[in-house]
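> The structure is given below, and queries will be raised subsequently.
The values are calculated or read from the model by the stated rules, or taken from the named source; none is laboratory data. Everything numeric here is computed off the predicted structure, so don't read it as measured data. Cβ: placed from backbone, ideal geometry, glycine included. Neighbour counts: every protein chain shown. Side chains included, ligands, DNA and RNA excluded: accessible areas come from the protein's heavy atoms. Shrake-Rupley method; radii C 1.70, N 1.55, O 1.52, S 1.80 Å.
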Amino acid sequence: MQERMGIALVMDVVGSFLMAFVLAHAIGYAEATTLLQGLAVGFCIWLGVVVVVTIHTVTYERKPFALFVLHNGYHLIALVVMSAILALWR
């Protein structure tokens with residue numbers, strides 16, 4: 001497991017930069033310039049993309065709903081914080 005940790009961390013960092021890049025474009029399209037607008041964009045992206053893509057873990061794979069909440073809570077916080085920073089940075 002430790003052998004692949006470096007690769008996993010690099011992939012996670014690259015994925016985060018890619019998410020921030022796409023989110024910056026969504027912020028631009030929404031013309032969000034305030035904290036509240038940035039939070040709204042991040043929440044909408046989370047709800048419309050992340051939740052929709054990962055809900056299958058509960059419905060088809062029968063994973064515990066608590067695990068779904070844990071994983072998606074992490075993504076919600078990441079997207080909302082990123083979008084708030086990007087909206088204020090514009």
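> Per 0.36 nm of contour for each residue apart, how much would the distance between VAL51 and TYR74 grow if the chain were fully extended, relative to their Cα-Cα spacing?
The span from VAL51 to TYR74 would gain 7.1 nm if fully extended.
> In Å², what does the accessible area per residue of the chain work out to with a 1.4 Å probe?
75
> Could you give the nm distance between label points at MET19 and THR34, where each point is 7 Å from its Cα heading toward the beta carbon?
Roughly 2.7 nm, to one decimal.
> Shifting gears a bit: For ILE85 paired with LYS63, estimate the spin-label separation in nm (one decimal), with each label point 7 Å from Cα along the Cα-to-Cβ line.
The answer from the label model is 2.5 nm.
> Here's another thing I want to ask about it. Would you calculate a helix-derived [θ] at 222 nm for the chain, using -39,500 (n - 2.57) for each DSSP H run of n ≥ 4 and dividing by the full residue count, to the nearest 500?
Details: 4 runs with 66 residues, N = 90.
-24500 deg cm²/dmol, from helical runs alone.
> Please quote Rg/Rh for the chain to two decimal places, taking the Kirkwood radius as Rh and restricting both calculations to Cα atoms.
1.05
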